[in-house]
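Novice: Got a structure for you, written out below as structure tokens; questions coming shortly.
The values are calculated or read from the model by the stated rules, or taken from the named source; none is laboratory data. What you are looking at is a predicted structure, and each value in this text was computed from that prediction instead of being measured. Glycine also receives a Cβ, built like all others from the backbone with ideal geometry; neighbour counts cover every protein chain displayed.
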Amino acid sequence: MTSVPIYRLHQVHHRLSSTFSLTIGDWQHAQGETLCLVGPTGAGKTTFLRSLTGLTEIQGGSIEFEGRQWSAGLGTLTEVRQIALVPQRPLLLSRSVRANLEYGLRLRGLRADDRVAQLLSCLGLERLAEKSAQHLSGGQIQLVALGRALVLQPKVLLLDEPAANLDPAFVALIEQVLDDWRRRYQTTLIWATHNMFQAQRVADRVAMFLNGQIVEVSDREKFFQHPDDPRTQDFVQGKMVC
């Protein structure tokens, strides 16, 4: 028996300005799958991720989460709490690294349990646990933001360029932690990246965004070796597309 997709979108339309709209015809995503979103800057990847949080009202079409349709694209509190977004430029609390990881648990009335200690360890943040988050490097901030999301054990993790402009060591650590986490908890990952090599390393499928639309989505090997759309071929080869 085929499992219900964790997401299903139909004729979604969301206008952000007079010159840009997100328009998704029909798209679905399997539970536990890693999808990488690629495309030029301003193509709609971040807007798409935000539409999947359950917090952004769409202007047309429908979004289903685990087979249940969201009203105007807005999820219930129970559903929204199963989804976590790690933005490209995260804002941390003016507290310790440990307090940042504990914050989401406390909001949910949960005890800060062993998960916090485990994540501090696997993210290499143990020695920084009591340090103020306001005095961290860019890479350390991204690790804390990732830990803050993972500690909630979400069903879906949305990632907006979590390793952009970071040193290779931070990139490798983030990729390894996310791979280990997905295998352990069957977490669904939807990951926006400009790094084609990263997409080839981590993705099960890859989606090409252009002008607010998905112009091609396929499994990783086909996407990079035999894309159907010539714009995808150009983008993969490092050419300008519009």
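Novice: Between a first residue in the stretch 67-92 that is at negative phi and a second residue that is assigned to a strand (DSSP E or B) and of a type in the set (G, A, S), which pairs have beta carbons less than 9 Å apart while being 6 or more apart in sequence or on different chains?
Specialist: Sorted first by the residue in the stretch 67-92, then by its partner, the pairs are Q69/S62; W70/S62; Q88/A192.
Novice: Something else: I'd like the full set of residues that are among the hydroxyl-bearing types (S, T, Y) and not in a strand (DSSP E or B), limited to the stretch 211-242.
Specialist: T232, the sole residue that qualifies.
Novice: Does R89 meet the test of being of a type outside the set (D, E) and out of contact with any helix residue (DSSP H, G or I) (no Cβ under 6 Å at 6 or more places or on another chain)?
Specialist: When the stated conditions are applied, R89 passes them.
Novice: Next question, about the same structure. Can you pull out the residues in the stretch 228-239 that are more than 23 Å from the chain's Cα centre (by Cα) and either under 14 Å from M196 (Cα atoms) or in contact (Cβ under 8 Å) with a residue 12 or more places away in the chain (or both)?
Specialist: D228, D229, R231, Q233, D234, Q237, G238, K239
Novice: Of the residues L189, L146, only one is surrounded by 15 or more Cβ atoms within 10 Å (Cβ to Cβ), out of contact with any Ser or Thr (no Cβ under 9 Å at 6 or more places or on another chain) and not polar (S, T, N, Q); which?
Specialist: When all the criteria are applied, what remains is L146.
Novice: Considering each of P162, P168, P154 in turn, give the residue that is under 16 Å from the mean Cα position of the chain (by Cα), at pLDDT below 95 and on the phi < 0 side of the Ramachandran plot.
Specialist: Only one candidate qualifies: P162.
Novice: Would you call A203 exposed (fewer than 15 other Cβ atoms within 10 Å of the Cβ), hydrophobic (A, V, I, L, M, F, W, C) and on the phi < 0 side of the Ramachandran plot?
Specialist: Judged against the criteria, A203 is not a match.
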